[in-house]
Amino acid sequence: MSSQEKDKKELGMRPGITRRDFLNTTLLGAGGALLAAASPLAVTGCLSRGGGPRKDPWWGYGAVGDYARSPGNSRRSMEAAHRLRDGVYDGQELQGEDTGEVYDMVIVGGGMSGLGAAHYFHKHAGDGRRCLLLDNHAIFGGEAKRNEFVVDGERLMGPQGSNDFGVPSRGSRSLSGRIFDDLNIPREYDFREWDESLKPLGFGLDNYAHMTGVVESKVDIGYWFGPGGADAADEGNGSGFWRTNIWRRDLENAPWPEELKRDMLRWRYHRWEDRGEDFGRMLDSMSYRDLLEKELELPHEVTEYIAPVIGLINGASPDAVSAYAASQVGMPGTGRPRGRDASLPLSFPGGNTAFARYFVKGMIPEAIEGGHTFGDITNGKVRFEALDREEAPLRLRMGATVVRVEHQGEPGAADRVWITYEKDGKVRRVQARGVAMASGGWVNKHILRDLPPEMRQAYESFQYAPAMVANVALTNWRFLYDLGITAAQWNDGGFGFSCNIRRPMTAGGYRPPLHPDRPTVLTFYMGFGSPGVPLARQMSEGRWKLFGTTFFDFEKELRRQMLEQFGAHGFDPAKDIAGIVLNRWGHARLVQPPGFYFGGEDGPSPREVVENGYGRVAIGHSELNGHQNWSGGVAQGYRAAEQVLGML
């Protein structure tokens, strides 16, 4: 047996796709351009051991349900995006087949912003108005989608990306409060009970909160210190070791020098006395690293510790991200500390997928099987044929990649706009009296053919970060239970920097188990920031790794890491892993460098320039808020739809 075969056997790997196979079916693009990395490949896959699900060299194996064809950026949508990038649709003669359809509003993009725009139209347009939403993926939701597995007869869900929400109070007139009321989203939830005969364990209710450790009073978090750590010899084998809940006890059990512990605690609990109206501008004038190391005079070890979290949530390393952007996601040192007893944010089964499904159910009731209950909306199958019915005033057309948007004449004087899209290999076009662009800026600057120079220049300053979310379906999680943890973190490289299991929220018949000997989903979030590297290069190199690495190579890295960290506690990759899905997002987040929020002496910030829109085009994608979340995306969609309806 060769060393490679022995390695695969130890890691419990199914027959895989080699890197040569991957590259032979992949066109590698140059970094830095639109979606500049490996183009999607043809489906080549191979059967898993025992003739099970096909393992795809792009996504993985094990997913089922309505979202199985759309994990992360799909190959089909990326192939169309690469054709857009490469100028295939630039010729004036390529106008596409005119479908004869004329709409009052066309929405480009079916994520939270696009669904928000559609919902605003549905509520306020009035009788006789018609709207078409075009989205390039197989199912609506953008990054608010889910992965589903069936393991040992148990149905399990994990988020593809967007998760985490807070419940607005009853009577709240905030946007989220109004949406909860409009769509009849429940404010109270049931979770699986923990068996009291087992030792007590604290679980997160989402997949983000554990990353900074501020929820340790409620969640049991393990911290892995790899080989060569200060206490490695004390563990007996020098191979790495675990410490649990280090922040719960103010770093008493952390393997750091006392001076570093004091600096870490000062970072964690620092409180600014003066937080006047200029405080935000001050934070936006510098990077998060400079705030920590220059203003608070903390050592570089503190910046290194938080770098993976910033790299994921803010998209780049702390030296490239505005301190104000870090404050928007609650990073320590930027304002009021969250204290030692922070509340737990929530996540629906499968992340924020539920919000997208509630929007669609509210606008097109027959599009999701069942009634208007939490259980039915969560579990009902999507009736795709109901999304795009000819007689309907609101239509959602999936698998339609918009490649051109241009006014019929000068933008300031035109009455209509042409929207050209590709679907099923054919190019078609429709007309609209107004367009709401809810798609990301990285494609808008290519799609909008008559974009004013100042907006094009503003878009050129936007930098987008890649990210990946891996959902690992487990047959059991006894190895975590034996360690006394439900979440883990590490800071020595490898696959991502953290993972966790959640206490499952139940929904109708969806009642996944909560027991260490029963199946669950372990979720990893992975950013690609590179401290010390210029921002544009960080983004292009990150996309290259994200799209240029086979599923097989990522899988091997993930399994090897889990075996190293959990093998001594009973983890067996061959027996314990039932499925893996990788959700690759090439432009997951807009990076907010210093000056992004408040601009400078030269004028407004680029995001403010883009927000203005032009002619009969309103622009409202989630990244114009800076920090991206479900409600901010909906708010941008509402604003764009209101602007379009005002044109009519």
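The values are calculated or read from the model by the stated rules, or taken from the named source; none is laboratory data. If you're wondering where the values come from, they're calculated on a predicted model, not measured in any experiment. With ideal geometry, Cβ positions are generated from the backbone for all residues, glycine too; neighbour counts draw on all protein chains shown. Surface accessibility is based on the protein's heavy atoms, side chains included, excluding ligands, DNA and RNA. Shrake-Rupley method; radii C 1.70, N 1.55, O 1.52, S 1.80 Å.
Points worth noting:
- Residues of the stretch 149-164 that are surrounded by fewer than 22 Cβ atoms within 10 Å (Cβ to Cβ) and in contact (Cβ under 8 Å) with a residue 24 or more places away in the chain: V150, V151, D152, E154, R155, D164.
One line per residue, one yes/no per condition, for (1) assigned to a helix (DSSP H, G or I); (2) at pLDDT 95 or above; (3) open to solvent by 20 Å² or more (accessible area, probe 1.4 Å):
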position	(1), (2), (3)
W544	yes, no, yes
L563	yes, yes, yes
H587	no, no, no
P594	no, no, yes
F598	no, no, yes
V609	yes, no, yes
E623	yes, no, no
R639	yes, yes, yes
Q643	yes, yes, yes
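- H446 being touching a Leu at 6+ places or on another chain (Cβ under 6 Å) and open to solvent by 20 Å² or more (accessible area, probe 1.4 Å): yes
- Set Y525, Y481: member being closer than 21 Å to F225 by Cα and not in a helix (DSSP H, G or I): Y525
- Members of the stretch 572-595 found to be over 22 Å from R155 (Cα atoms) and touching a helix residue (DSSP H, G or I) at 6+ places or on another chain (Cβ under 7 Å), listed by number: R584, G586, H587, L590, V591, Q592, P593, P594, G595
- Members of the stretch 303-327 found to be open to solvent by 10 Å² or more (accessible area, probe 1.4 Å) and over 15 Å from the mean Cα position of the chain (by Cα), listed by number: E304, Y305, A307, P308, D319, A320, Y324, S327
- Some residue of the stretch 222-229 being without any contact (Cβ under 8 Å) to a residue 40 or more places away in the chain, more than 17 Å from P531 (Cα to Cα) and surrounded by 14 or more Cβ atoms within 10 Å (Cβ to Cβ): yes
- Screening G202 on (1) under 27 Å from E611 (Cβ atoms); (2) open to solvent by less than 20 Å² (accessible area, probe 1.4 Å); (3) small (G, A, S); (4) assigned to a loop (DSSP other than H, G, I, E, B) shows it passes everything except condition (1).
- Qualifying residue in the stretch 169-183 (condition: closer than 27 Å to L312 by Cβ, within 15 Å of the chain's Cα centre (by Cα), outside any loop (DSSP other than H, G, I, E, B) and not small (G, A, S)): no
- Qualifying residue in the stretch 509-520 (condition: of a type in the set (D, E), more than 29 Å from Y189 (Cβ to Cβ) and open to solvent by 20 Å² or more (accessible area, probe 1.4 Å)): no
- Taking the criterion of being within 12 Å of N207 (Cβ to Cβ) and surrounded by 24 or more Cβ atoms within 10 Å (Cβ to Cβ), the only residue of the stretch 487-497 that qualifies is A487.
- Of all residues in the stretch 305-323, those satisfying the criterion of being assigned to a helix (DSSP H, G or I) and within 19 Å of A209 (Cα to Cα) are Y305, I306, A307, P308, V309, I310, G311, L312, I313.
- Applying the set (1) more than 30 Å from G434 (Cα to Cα); (2) within 16 Å of the chain's Cα centre (by Cα); (3) not in a helix (DSSP H, G or I) to H627 leaves exactly one unmet item: (1).
- Single unsatisfied condition, K261 versus (1) among the charged types (D, E, K, R); (2) open to solvent by 40 Å² or more (accessible area, probe 1.4 Å); (3) without any contact (Cβ under 8 Å) to a residue 40 or more places away in the chain; (4) not in a loop (DSSP other than H, G, I, E, B): (2)
- Criterion (touching a helix residue (DSSP H, G or I) at 6+ places or on another chain (Cβ under 7 Å), of a type in the set (K, R) and open to solvent by 40 Å² or more (accessible area, probe 1.4 Å)) met by exactly one of R503, R456: R456
- Qualifying residue in the stretch 121-129 (condition: more than 21 Å from the chain's Cα centre (by Cα) and crowded, with 24+ Cβ neighbours inside 10 Å): yes
- When every residue of the stretch 99-109 is checked against the conditions, none turns out to be in contact (Cβ under 8 Å) with a residue 24 or more places away in the chain, acidic (D, E) and open to solvent by 50 Å² or more (accessible area, probe 1.4 Å).
- Checked against (1) under 25 Å from the mean Cα position of the chain (by Cα); (2) open to solvent by less than 20 Å² (accessible area, probe 1.4 Å); (3) over 30 Å from F191 (Cα atoms), L292 passes all but a single condition, namely (1).
- Screening the stretch 423-439 for residues that are open to solvent by 10 Å² or more (accessible area, probe 1.4 Å) and touching a Phe, Trp or Tyr at 6+ places or on another chain (Cβ under 8 Å) and picking the one that is farthest from C131 (Cα to Cα) gives V427.
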